[in-house]
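What follows is one structure encoded as structure tokens, with my remarks underneath.
The values are calculated or read from the model by the stated rules, or taken from the named source; none is laboratory data. Note that the coordinates shown come from a computational prediction; the quantities given were computed from them, not determined experimentally. We place every Cβ from the backbone using ideal geometry, glycine too, and count neighbours over all the protein chains shown.
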Amino acid sequence: MIIKPIINNVSSATQPWWKVFYDFSPLVRSVDEGIRSSMTPFWADATELIIVGVLFLLFYAITGLFLVYAERKVCAFIQNRLGPNRIGPYGVFQTVADLIKLLFKELIPIKNADRFLFNMAPYIVIIVNFMVLGAIPFAKGLHAIDLNIGIFYIIAISSLNVIGAFLAGWASNNKYSLIGAMRSGAMMVSYELSLGLSLITMVILAGTMQLSEIVEAQRSGWFIFKGHIPAFIAFVVYLISGIAETNRGPFDLAEAESELAAGYHTEYSGIKFAFFYLSEFINMFIVASIAATIFFGGWMPLHIGNWDGFNRIMDIIPPFIWYLGKTFCIIYLIMLFKWTFPRLRIDQLLTLEWKYLLPVNLVNILIMALIVLLGWHF
Amino acid sequence: MAKIENEAAYGGAEEQNEYVINIGPQHPSTHGVLRLVVTLQGEIVKNVQPHVGYIHRGIEKMCESITYPQIIHLTDRMDYLSAHMNNEAVCLAVENALEMEIPDRIKVIRTLMSELTRIQSHQLFWATYGMDMGGQTCFFYGLRDREKILDIFEETTGGRMIVSYNCLGGVMYDLHPNFRKRVKDFIKYFRSIIHEYDAILTGNIIFRERTMGIGPLTLDDAVSFGVTGPSGRASGFSCDIRKHAPYSAYDRVIFNEVLLTEGDTYSRYLVRMEEMKESMNIIDQLIDNIPEGAHAVKMKPVIKLPEGEYYQRVETARGELGVFIISDGNKNPCRVKFRSPNLVNLGVLNHISKEFKIADLIAIAGSLDFVIPDIDR
Amino acid sequence: MNTTETDMARFSELVKALVPEAEIHEGKQFAEITVPPASLLAAAEALKENPDTRCDYLINLTGVDYGTELGVIYHLGSSKHGQIIVLKTKTPERANPVLESVCGIWRTAEFHEREAYDLLGIRFSNHPDLRRLFLDDTWGFPLRKDYVDDTNTAANGEDRE
């Protein structure tokens, strides 16, 4: 009853149906109108929430599985081996098989563990992931909530991740886990600063915190080109602290395999472990997609000033391909780091943050403010 | 159950704010069943008590009831990465006791095999050390090249890791016809690719920061603790048996004893990297000069050692291996003692890792390059 | 490294001066010095401190069961000179053999002595931390010649309690 008007609406006479890939807003609007016209406002809200939730769940699972597969292939590529190649063509169903195995594994109850906190920790991590994902613009019009303080919201929510790691480490009643949790606490709290400050540098350039407007502001060129030197510095700082935020190598001290067995999730098994594992990958996705949005224009195609011909050619590629392409390029970069570098030590990690990244960042903000003030950007 | 003699050694944390964690017996970075009881204050290591014996098989006790040719094949199971050198030590001890004359061909073959074993052992060290430091790619690079040496072993000896190639009076089988060519190919290949090792780990700024100045061992301490092998030589302790008491064909090759003076984790690592190159030089000198002849001297079916005490030292990839045989004239030894380099090197761990971080402890333990079955025997 | 005749004579004189009660003879490979347990520590110290011997490196420490006596054999090397000197001591006491620990002279002796204690039951007084190394506390001393193990032998086939 609601499907028909939506299809009619989207593929009207004025534009063919595939135009929707360039701008999702008519589709989203007509779905919204269809739902609202057929039920009371309360039930309409509820239905929309459920649809968005299911979509995100699907997206979460598929992205997670794909990233696990991609990581294994990338690391195999770097390490002179083939990687998964038995289940399905090129082993694409390997991660699905792994997931099924994890689902069937026994959830081992830990004696003397704090049961409530122990069970809650993986969910906190997952919930935080979802909350951040909701604020990310995937394509034009494909955006769950477009807050006017989008960046602020993302910085604030993503720092809640540390609670999950902390609870897991504390509740496990295991010394390895506790050391891992303490490390992740020290690390995330410190790197939160650099992460926030490097984003603020870009907010100064953009003049807004709303993500859709930030993307729109890059119509005439991505910020990494527009803001030249300070933007590039901010990007490097963001990338370093973003990797640290996601607990990935070379900053994977919280789960340092060779020191702490598995760090804060040593005691988790089965699907609860899978939650931590998956959330690490989704975190990486989030970090990469924020980088893509802020520095590389999000779903905005590569535009150069007023070269109309060039810009029009670039516009042929749909925005969500641009978005995914940029995001996966950055993810590939992050994976390269992990498989190339040895791990840092905790004191070196904190030295890097407090003695180098933070001062660089503060100076960088000043430079950026100066450049914006004098109009030296493009 | 008898009373535990020293409570503190079993991990009684005496100071306030100290706590104890067990690293091992099952832990990713102990490379086997070593258990380190670590007293920590925060992340700082205050005390390390190694607990060994998880795979103690009583090899010395077993040796007392078996014959000399049988002992050789037990020794493979001690330091399984230096299996050939362990064999050689027992062979040399018995052959010297019998005052046998060993033909040059056998000596050269043994030396070649020892040096190949040393290279593959150091390759595995490099691989696992990279992994201990968190750089997992090293592991696959190291194993990729080690495979080539294991293939050479397999062709000639039939074994890949536990080769059991030595026997009293020679070696089990003659060299495979391909041996010379394949060794040459390997040396050529490895010379061209060893720079990758430096590129991915040695030159990495994180790796250098993690290892330089960590776990320093002075020369005096190295001598007092008897730390031999690459770990001892990194502190300047000139302890290469190949130089000081040459056996097999080491007296006819020219090579350098790699000596550094810093004694930290980084130099222990560097010594091994340099030793791989020295080993390749030794192989270069010998591979074209393998004398013709039989691959083994004919031995009597029952071998009895004249009464007395015999000590033979051999340089394995981890240090000085000593075989001490007391014979009472029978076909079984009266007492056999293996001076295992790993057990002795383990003794220094507590001394050099105090006041460093827990991550450094892993780096230090990795740089001492333990093979646990050799500790326990 | 085998000592020549004149070297041996000179060496004997040297050691006699350091430890009067030592017996010196040339073994098959190395010079061997046998001392009674009471003067073990003095002999070890003298061999280490004397500039002509400088035995600062304890290569190996072996506990031996001679049947009637228990003994310890020290192989002493030197980082300055190349020679190896063998130092031996024996104790007739089998029930509770006690020897001086040489941990204070060579720190490597700590693990060696723990091993000798573990496998032969030789106690070393003044050892900083004399515990069994490999086996647990309920075992006998397996390298003794009179060791009979009813519970752990494979022929018996029964698990230890």
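One table, with the values for the structure above:
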quantity	calculated
Count of the range A:100-122 residues which are surrounded by 14 or more Cβ atoms within 10 Å (Cβ to Cβ) and under 27 Å from A:SER159 (Cα atoms)	8
Failed criterion for A:LEU205 (all others in (1) within 14 Å of another protein chain (Cβ to nearest Cβ); (2) at pLDDT 85 or above hold)	(1)
Criterion: away from every other protein chain (no Cβ under 12 Å) and touching a helix residue (DSSP H, G or I) at 6+ places or on another chain (Cβ under 6 Å) - qualifying residue of B:ARG318, B:ARG313	B:ARG318
Enumerated strands (runs of 3 or more DSSP E) restricted to the range B:15-110, each holding at least 2 residues that are within 14 Å of chain C (Cβ to nearest Cβ)	B:35-41, B:44-51
Every residue from the range C:140-149 that is facing chain B (nearest Cβ under 9 Å) and either within 21 Å of B:ASN47 (Cβ to Cβ) or surrounded by 16 or more Cβ atoms within 10 Å (Cβ to Cβ) (or both)	C:PRO142, C:LEU143
Search result, residues across the range C:101-115 that are touching a helix residue (DSSP H, G or I) at 6+ places or on another chain (Cβ under 9 Å), within 16 Å of B:LEU346 (Cβ to Cβ) and either within 9 Å of another protein chain (Cβ to nearest Cβ) or hydroxyl-bearing (Ser, Thr, Tyr) (or both)	C:TRP106, C:ARG107, C:THR108, C:PHE111, C:HIS112, C:GLU115
Odd one out for B:GLY134, checked against (1) within 14 Å of another protein chain (Cβ to nearest Cβ); (2) not in a loop (DSSP other than H, G, I, E, B)	(2)
Pair list, Cβ < 9 Å and 6+ apart or interchain, from the range A:72-100 residues that are away from chain B (no Cβ under 14 Å) to residues that are polar (S, T, N, Q) and exposed (fewer than 15 other Cβ atoms within 10 Å of the Cβ)	A:GLY91/A:ASN85; A:GLN94/A:ASN85
Filter result for A:ARG183 (outside any helix (DSSP H, G or I) and assigned by TED's automatic domain parsing to the domain that holds A:TYR323)	no
Meets criteria (farther than 20 Å from A:ALA292 by Cα and among the basic types (Lys, Arg)) for A:LYS105	yes
Which numbered condition B:ARG105 fails, given (1) in contact with a Cys (Cβ under 9 Å, 6 or more places away or on another chain); (2) of a type outside the set (Ser, Thr, Tyr); (3) closer than 28 Å to B:THR156 by Cβ	(1)
Residue, farthest from C:ARG114 (Cα to Cα), within the range C:41-60, restricted to residues that are crowded, with 24+ Cβ neighbours inside 10 Å and facing another protein chain (nearest Cβ under 10 Å)	C:TYR57
Any pair with Cβ under 9 angstrom, 6 or more apart, that starts in the range C:116-139 at a residue that is more than 7 Å from chain B (Cβ to nearest Cβ) and free of Cβ contacts under 8 Å to residues at least 12 places away in the same chain and ends at one that is aliphatic (A, V, I, L, M) and assigned to a loop (DSSP other than H, G, I, E, B)	C:ASP136/B:MET1; C:ASP136/B:ALA2
Leading residue by the ranking (nearest to B:LEU81 (Cα to Cα)) among those in the range B:147-169 that are out of contact with any Ser or Thr (no Cβ under 9 Å at 6 or more places or on another chain) and in a helix (DSSP H, G or I)	B:LEU150
Residues being of a type outside the set (S, T, N, Q) and under 19 Å from B:TRP126 (Cα atoms) - total across the range B:250-269	8
Segments classed as helices (runs of 4 or more DSSP H), wholly inside the range A:190-249, with at least 1 members that are without any contact (Cβ under 8 Å) to a residue 24 or more places away in the chain and buried (at least 18 other Cβ atoms within 10 Å of the Cβ)	A:211-217
Out of B:LEU321, B:LEU361, sole residue that is closer than 21 Å to B:ILE119 by Cα, in contact with a Ser or Thr (Cβ under 9 Å, 6 or more places away or on another chain) and crowded, with 24+ Cβ neighbours inside 10 Å	B:LEU321
Strands (runs of 3 or more DSSP E) fully within the range C:1-70 counting 1 or more residues that are on the phi < 0 side of the Ramachandran plot, among the small types (Gly, Ala, Ser) and touching a Leu at 6+ places or on another chain (Cβ under 6 Å)	C:57-65
Only one of B:TYR189, B:TYR165, B:TYR173, B:TYR197 that is touching a strand residue (DSSP E or B) at 6+ places or on another chain (Cβ under 6 Å) and either hydroxyl-bearing (Ser, Thr, Tyr) or surrounded by fewer than 16 Cβ atoms within 10 Å (Cβ to Cβ) (or both)	B:TYR165
Conditions (1) surrounded by fewer than 21 Cβ atoms within 10 Å (Cβ to Cβ); (2) more than 14 Å from chain C (Cβ to nearest Cβ); (3) on the phi > 0 side of the Ramachandran plot; number of the one not met by B:GLY236	(2)
